[in-house]
1. Just to confirm my filter: which helices (runs of 4 or more DSSP H) fall fully inside segment 35-81 and include at least 1 residues that are touching a residue at least 60 places away in the same chain (Cβ under 8 Å) and at negative phi?
2. Of the residues 104, 91, which single one is in a helix (DSSP H, G or I), more than 23 Å from residue 15 (Cβ to Cβ), open to solvent by 50 Å² or more (accessible area, probe 1.4 Å) and of a type in the set (Val, Ile, Thr)?
3. Of the residues that make up segment 92-99, is at least one touching a strand residue (DSSP E or B) at 6+ places or on another chain (Cβ under 7 Å) and under 28 Å from residue 115 (Cα atoms)?
4. Among all residue pairs at least 6 apart or on different chains, which show Cβ distances below 8 Å where the first residue, located in segment 107-130, is over 21 Å from residue 95 (Cα atoms) and the second is open to solvent by 50 Å² or more (accessible area, probe 1.4 Å) and among the acidic types (Asp, Glu)?
5. For segment 56-70, which residues satisfy the criterion of being farther than 9 Å from residue 31 by Cα and open to solvent by less than 10 Å² (accessible area, probe 1.4 Å)?
6. Looking at segment 107-118, which of the residues that are more than 18 Å from the chain's Cα centre (by Cα) and either in a helix (DSSP H, G or I) or hydroxyl-bearing (Ser, Thr, Tyr) (or both) is nearest to residue 68 (Cα to Cα)?
7. Taking segment 34-55 only, how many residues are open to solvent by less than 40 Å² (accessible area, probe 1.4 Å) and at pLDDT 90 or above?
8. Could you say whether any residue in segment 4-25 is within 14 Å of the chain's Cα centre (by Cα) and among the small types (Gly, Ala, Ser)?
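The values are calculated or read from the model by the stated rules, or taken from the named source; none is laboratory data. Keep in mind it's a predicted model, so treat the numbers as computed, not measured. Cβ coordinates were reconstructed from backbone atoms using ideal geometry, including for glycine residues, and neighbour counts include every protein chain displayed. We work out accessible area using only protein heavy atoms, side chains counted, and drop any ligands, DNA or RNA first. Shrake-Rupley method; radii C 1.70, N 1.55, O 1.52, S 1.80 Å.
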Amino acid sequence: IGLSGYWTYQLGRLFNFIMFAVFIFFAIKLMPFGKIAVSAISLIPMNMHIMASFSYDAFTTGGVILLFAYIMHLMYDDKKIGFKALSILAIMIALIIPQKVVYIGVAALVLLLPKEKFKLPKWHFAFKCLLGLCAVGGIFILQLNNAPKLVSDSVSYSPDTAGYSMQYIFTHLPEIVVMLFRTLCNKTEFYLKSMVAFFGWFQIDTPWYLVMPVFFFVALSFMR
């Protein structure tokens, strides 16, 4: 539309923000309970920072919250789960989960949908396998270009730095478990603060007396 690079970038940020807000609006609407909790999670400082940025995380974060809400809606709604709901689930899973593989845990919640909720109870297992295939297949297609990184013994962005290939991980499981435990011990403060304080690349070190109230109010939002 003839805008400069700067205003095109700002327009992208604006539509990122609108998309995130729309996702959260429908997530709150769909949730059978815990609506205030969804609101609180979407408004923690890190999410507010992301949703006003140009990052694709606005889509993945908002999308995975919406996916979770939709699964909860299907689980607790009085209506039976038919082909329309399953199609929506398949599309959402195929679009959202491959962006961040760790979100496959949210897609796995479809396994908790009771058999009695399906219009065709005998086919519930086949439907769940199909939804799982959407997640795994999407991950495989989208992450195919990352396959060399999984088998490499060096870090992709620094070839001279030793890394951990999938083969190494599976053949040195005790060492990997110890490494993960040590990482958790050393980085817990960073992980907790980064949810509410660091604001991405700015790395603003916020004191605990400002961080803890945020955790308190988020925890409070989960109470009935």
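1. Numbers: elements: 35-42, 45-51, 57-76.
Answer list for segment 35-81: 35-42, 45-51.
2. Working: 91 fails: more than 23 Å from residue 15 (Cβ to Cβ).
The conditions single out 104.
3. No, segment 92-99 has no match at all.
4. Here the result reads none, with nothing in segment 107-130 linked to a residue that is open to solvent by 50 Å² or more (accessible area, probe 1.4 Å) and among the acidic types (Asp, Glu).
5. Answer for segment 56-70, where residues must be farther than 9 Å from residue 31 by Cα and open to solvent by less than 10 Å² (accessible area, probe 1.4 Å): 58, 60, 62, 63, 67.
6. Here is the first cut: in segment 107-118, the residues more than 18 Å from the chain's Cα centre (by Cα) are 112-118.
When the remaining residues are screened for being either in a helix (DSSP H, G or I) or hydroxyl-bearing (Ser, Thr, Tyr) (or both), the result is 112, 115-117.
Details: 112: 12, 115: 19, 116: 20, 117: 17 Å.
Once the filter is applied, the top-ranked residue is 112.
7. Step one: of segment 34-55, the residues open to solvent by less than 40 Å² (accessible area, probe 1.4 Å) are 34, 37-40, 42, 44-47, 50-53, 55.
Narrowing the set further to residues that are at pLDDT 90 or above leaves 34, 37-40, 42.
Result for segment 34-55: 6.
8. The first filter runs over segment 4-25 and keeps only residues within 14 Å of the chain's Cα centre (by Cα), leaving 20, 23-24.
Still in the running and among the small types (Gly, Ala, Ser): none.
No, because not a single residue in segment 4-25 is within 14 Å of the chain's Cα centre (by Cα) and among the small types (Gly, Ala, Ser).
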